[in-house]
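Structure record follows, encoded as structure tokens.
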Amino acid sequence: MRIINFPKILDERGNLSFFQNSAEIPFDIKRVYWIYDVPGGEMRGGHAFKEQQEVIVALSGSFDVVLHDGKDRHKISLNRSYMGLYVPSMYWRELENFSTNSLALIVSDCAYDEGDYLRDFDQFKNLKQNA
Ligand code: TYD
């Protein structure tokens with residue numbers, strides 16, 4: 001996992017940031033989805049992906065991404081629209097502490113496939129430790 005800083009073009013009319021396949025994003029983007037209108041106190045995620053890699057961006061507002069690598073837990077707060085969090089495959093993730101009107105943008109290298117989800121934490125931990 002790592003933080004990616006996207007280019008920032010600043011002028012008196014405001015700011016512009018962007019990312020492109022394989023330049024700022026370390027994979028080919030296949031799918032984009034976004035999470036919004038999260039009620040206070042709700043959590044998203046609660047799973048890992050066997051293959052899928054993602055980059056998560058707080059386009060607006062803020063939230064925390066809690067990542068577990070099978071041994072350690074890391075909490076990353078996202079609150080800048082020019083920063084992305086790269087999450088490789090086989091990281092358990094939870095998104096929580098969403099601010100009002102926050103908007104999470106997620107880009108992925110895979111089409112949606114429920115078969116790629118690991119939704120049982122113990123199963124994830126076993127697979128990770130035996131990898
Ligand atoms: P899920 O990935 O479990 O949500 P999150 O991890 O953000 O809490 O997805 C929630 C539901 O949406 C689930 O029924 C699958 C569906 N879904 C799609 O159909 N396509 C998609 O690209 C995504 C991300 C989810």
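For every helix of n ≥ 4 consecutive DSSP H residues, a contribution of -39,500 (n - 2.57) applies; sum these over the chain, divide by its total residues, and give [θ] at 222 nm rounded to the nearest 500 deg cm²/dmol.
My calculation for the chain gives -2000 deg cm²/dmol from helical runs alone.
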Starting at the first residue of segment 33-43, write each ³J(HN,Hα) from the Karplus equation 6.51 cos²θ - 1.76 cosθ + 1.60 with θ = phi - 60°, in whole Hz, x for Gly and Pro. 9, 9, 10, 8, 6, 7, x, x, x, 7, 10
So how compact is the chain: Cα radius of gyration and Dmax in angstrom? 15.0, 53
What is the distance, in nm, between label points placed 7 Å from the Cα along the Cα-to-Cβ direction at residue 30 and at residue 89? 1.0 nm
Cα centroid separation, segment 35-86 to segment 90-131 (Å): 9 Å
So which lysines can residue 50 reach, going by Cα to Cα under 20 Å and dropping same-chain residues fewer than 8 places off? 30, 71, 125, 128
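The numbers here are math on the coordinates, done by the rules we state, and not lab data. All values reported here derive from a predicted model rather than from experimental measurement. Cβ sites come from the backbone with ideal geometry, for glycine too, and all protein chains shown count toward neighbours.
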